[in-house]
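Participant: The structure follows.
The values are calculated or read from the model by the stated rules, or taken from the named source; none is laboratory data. These figures come from a predicted structure and were not determined experimentally. Counting neighbours? That spans all protein chains shown, and the Cβs are built from the backbone with ideal geometry, glycine included.
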Amino acid sequence: MIGESWTKSTERDHTTPSTTGDPVSATVASGETLGRTEPPDTRVTRPLETLQLRWGNVSLVVPARDHGVFYSTFVTRVYAALALRPGDTVLDAGAHVGDFTVWASHRVGSQGLVIAVEPNPRLYRLLELNLARNHCSNVRSVNRAIGKGEKRRLMIDDGVGTRFGREDGEGSFSIQCSSVYEILKECGCDRLDIVKMDIEGAETEAMSSLTTLHSIRSLMIELHSHAASDAIRSALLAEGFLIRTSSLIDVAAETLYSALTRPVALARAEVTTQAFLLRSMLRVLTDGRQAVPFLNDRAGISMICARARAVP
């Protein structure tokens, strides 16, 4: 398997919580620290208010103001179209608190590998926690941004969102940047099977460094502008990918499936989140697609799934 030798020697152990005492960096077994940040204020360092949510054998700690990520992954099942297989190598670019990372980890199994990249130090702490809680020993986590240049300034929006910026004021911090190619090289990988990308507007820059398109079976990318959408769609079409945009019908169908197959888990989540799904459904009735964060056409946000024409 690609990366098997690395798995045995330098993989970060996510079966137990980190004991490094450093909430804003990832330390691999060799002692190397990846992407140490330099937080200038409490907006970057203070802990987030959180909720604990469960779905089957998954236990996830999520920001109290952003538990929609849990619903997207486990209830509306937006990533099901990626069709993960045991043994896959997966890149989770913009891993957030690890909702997709954990979901993917369980599907690729012990012979697979998930590389989770998250620059936001507050979210990264929760990512590490969730990987430990769910015994994800097949995950390599990296506290770094995907982009050009050795270091960049990032801004934290409302404590959870992260974007590139030039400001040096409140909510900004410096983070190490690497291209997708550099991160894969460090992990001992020369191929990717699956890519999930949600990096708040830096998708075009990240895609330009993705030199392993020939091995990728499917990608799911959240796009944050019409310009990025046009550029990335053109690049994927030129490489022979088939592209499909997520729709409100997809969301409704997958949500219904979850309600029918896991009614108790969904009811428990609704109690914990004060009826998040019900409130979201009411917003959809009035605003349509715009009420779903990753289907907001007015803001230029869309979710696309691209699959290779010749799937091995």
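Participant: If Ser246 satisfies every condition in (1) of a type in the set (Ser, Thr, Tyr); (2) modelled with pLDDT of 85 or more; (3) in contact with a strand residue (DSSP E or B) (Cβ under 8 Å, 6 or more places away or on another chain) but one, which is the exception?
Facilitator: It fails just one condition, (2).
Participant: Let me ask something else. Residues that are among the acidic types (Asp, Glu) and touching a helix residue (DSSP H, G or I) at 6+ places or on another chain (Cβ under 9 Å): does the range 127-136 have at least one?
Facilitator: Checked against the condition, which is being among the acidic types (Asp, Glu) and touching a helix residue (DSSP H, G or I) at 6+ places or on another chain (Cβ under 9 Å), the range 127-136 yields no hits at all.
Participant: Step by step: first the residues of the range 157-201, then only those that are small (Gly, Ala, Ser) and modelled with pLDDT under 75, then the one that is nearest to Thr101 (Cα to Cα). Which residue is that?
Facilitator: Residue satisfying both the conditions and the ranking: Gly161.
Participant: If you go through the range 94-108, how many residues are out of contact with any Phe, Trp or Tyr (no Cβ under 7 Å at 6 or more places or on another chain) and crowded, with 24+ Cβ neighbours inside 10 Å?
Facilitator: Summing the residues that are out of contact with any Phe, Trp or Tyr (no Cβ under 7 Å at 6 or more places or on another chain) and crowded, with 24+ Cβ neighbours inside 10 Å in the range 94-108 gives 9.
Participant: Give me a count of the residues in the range 134-153 that are closer than 27 Å to Trp103 by Cα and either at pLDDT below 85 or surrounded by 18 or more Cβ atoms within 10 Å (Cβ to Cβ) (or both).
Facilitator: Total satisfying the criteria: 12.
Participant: Going by the conditions given, is Leu260 in contact with a helix residue (DSSP H, G or I) (Cβ under 7 Å, 6 or more places away or on another chain) and assigned to a helix (DSSP H, G or I)?
Facilitator: no
Participant: Step by step: first the residues of the range 266-291, then only those that are of a type outside the set (A, V, I, L, M) and within 15 Å of His67 (Cα to Cα), then the one that is modelled with the lowest pLDDT. Which residue is that?
Facilitator: Here the residue is Ser280.
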